[in-house]
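The values are calculated or read from the model by the stated rules, or taken from the named source; none is laboratory data. None of these values were measured; they are calculated from a predicted model. Note: ideal-geometry Cβ built from the backbone for every residue, glycine included; neighbour counts use all protein chains shown. Quick note on the areas: whole protein, heavy atoms, side chains included, nothing else; ligands and nucleic acids left out. Shrake-Rupley method; radii C 1.70, N 1.55, O 1.52, S 1.80 Å.
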Amino acid sequence: MPAAAINRKSREELKLMRKAGQIVAEVHALIKENIKPGVSTLELDTLAEEYIRKSGALPTFKGYYDFPATLCTSINDEVVHGIPRADAVLKDGDIISVDVGATYRGLIADAAFTAPVGKVSDELIQLLDATKESLFAAIEQMRPGNYLEDVSGAVEDVNKRYPFGLVRNYGGHSVGRRLHEEPFVHNFRTGERGPELRSGCVLAIEPMFNLGGDDVYTAEDEWTVLTNDHLPSAHFEHTVAVTDSEPEILTILS
């Protein structure tokens, strides 16, 4: 049976998603300026929520399945979905992953990055660089006539060039009027090519690499995902539209 087609966005929907994406990109810039030793993740979350609301948008994550915050803030061995807290204070040598979504007039954009706190080790810098490299390799596959498997395979191909684990339990997704739309975007080859990419398809692509092994688990808070071996993890994400020519990253500052 052929794979179901990816829901394509109209010109008006893409226009609104571009606006949502710009707000997300601006939040990223704001948070990066404030990542430093001594800052709590709750302080970062407050900054993000205020900025999103001031921009005429809504924080997509807040209240999503009862998630209590605007940002997902995941420190060191926390992979994704970390909950901002007053007692989660950044220290020199940490890395922090920050994921945020903004909803503008009913349309959503979603993106994440991992940043060093102060001075970090060379191996952590390599982990961040490799994860980001895999994201942009996957974005390059967002072209008409390619298939979803081309996007997933590009992440895996980059991962194989490095000594890093690859998170397989979580991945990307289509996005638009809902945060998580079908299809799910694996970060590895599944053996099935999946739906064809056509102009107007929008995916949130989000590779996650670990300094250690692949395996992860969910903490007792039922949100925070951590590495089994408690070694650090990196996460990068952009919302990307297929056009008639080059891929369009919606969550990058224009």
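Listed here are the residues, each with its yes/no results for (1) of a type in the set (A, V, I, L, M, F, W, C); (2) more than 26 Å from Ser121 (Cα to Cα); (3) in contact with a Ser or Thr (Cβ under 9 Å, 6 or more places away or on another chain); (4) assigned to a strand (DSSP E or B).
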{"site": "His173", "(1), (2), (3), (4)": "no, yes, no, yes"}
{"site": "Gly176", "(1), (2), (3), (4)": "no, yes, no, no"}
{"site": "Leu179", "(1), (2), (3), (4)": "yes, yes, yes, no"}
{"site": "Gly191", "(1), (2), (3), (4)": "no, yes, no, no"}
{"site": "Gly194", "(1), (2), (3), (4)": "no, yes, yes, no"}
{"site": "Leu203", "(1), (2), (3), (4)": "yes, yes, yes, yes"}
{"site": "Glu220", "(1), (2), (3), (4)": "no, yes, no, no"}
{"site": "Thr243", "(1), (2), (3), (4)": "no, yes, yes, no"}
{"site": "Leu253", "(1), (2), (3), (4)": "yes, yes, no, no"}
>> What's the number of the only condition in (1) out of contact with any Asp or Glu (no Cβ under 8 Å at 6 or more places or on another chain); (2) under 25 Å from Leu30 (Cα atoms); (3) crowded, with 21+ Cβ neighbours inside 10 Å that Val155 fails to meet?
In response: (2)
>> Under 7 Å between Cβ atoms, which residue pairs at least 6 apart in sequence (or on different chains) link something in the stretch 211-228 that is in contact (Cβ under 8 Å) with a residue 60 or more places away in the chain and farther than 13 Å from Cys72 by Cβ with a partner that is among the aromatic types (Phe, Trp, Tyr) and in a loop (DSSP other than H, G, I, E, B)?
In response: Leu211/Phe164
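Looking only at the stretch 106-123, filter to residues that are small (Gly, Ala, Ser) and assigned to a strand (DSSP E or B); which one of those is surrounded by the most Cβ atoms within 10 Å (Cβ to Cβ)?
From the stretch 106-123, those small (Gly, Ala, Ser) are 106, 109, 111-112, 115, 118, 121; that's our starting set.
Cutting the leftovers down to assigned to a strand (DSSP E or B) gives us 109, 111-112, 115.
Numbers: Ala109: 30, Ala111: 27, Ala112: 26, Ala115: 17.
The selected residue is Ala109.
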> Restricting the first residue to the stretch 65-88 and requiring it to be at positive phi, which pairs with a second residue that is modelled with pLDDT of 95 or more and in a loop (DSSP other than H, G, I, E, B) meet a Cβ separation below 7 Å and a spacing of at least six or different chains?
Replying inline: Asn76/Asp94; Asn76/Pro232; His81/Trp223; His81/Thr224
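Which one is surrounded by the fewest Cβ atoms within 10 Å (Cβ to Cβ) among residues in the stretch 57-75 that are assigned to a strand (DSSP E or B) and under 13 Å from the mean Cα position of the chain (by Cα)?
Filtering first and then ranking leaves Cys72.
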> Counting only residues that are over 15 Å from the mean Cα position of the chain (by Cα) and assigned to a strand (DSSP E or B), which one in the stretch 224-240 is surrounded by the fewest Cβ atoms within 10 Å (Cβ to Cβ)?
Replying inline: Leu226
> What number of residues in the stretch 192-223 are crowded, with 20+ Cβ neighbours inside 10 Å and within 12 Å of Gly82 (Cβ to Cβ)?
Replying inline: 0
>> Criterion first (part of a strand (DSSP E or B), closer than 21 Å to Asp221 by Cβ, of a type outside the set (D, E, K, R) and open to solvent by less than 20 Å² (accessible area, probe 1.4 Å)) does Ile96 satisfy it?
In response: yes
> Is the stretch 138-158 home to any residue that is more than 24 Å from Leu197 (Cβ to Cβ) and assigned to a helix (DSSP H, G or I)?
Replying inline: no
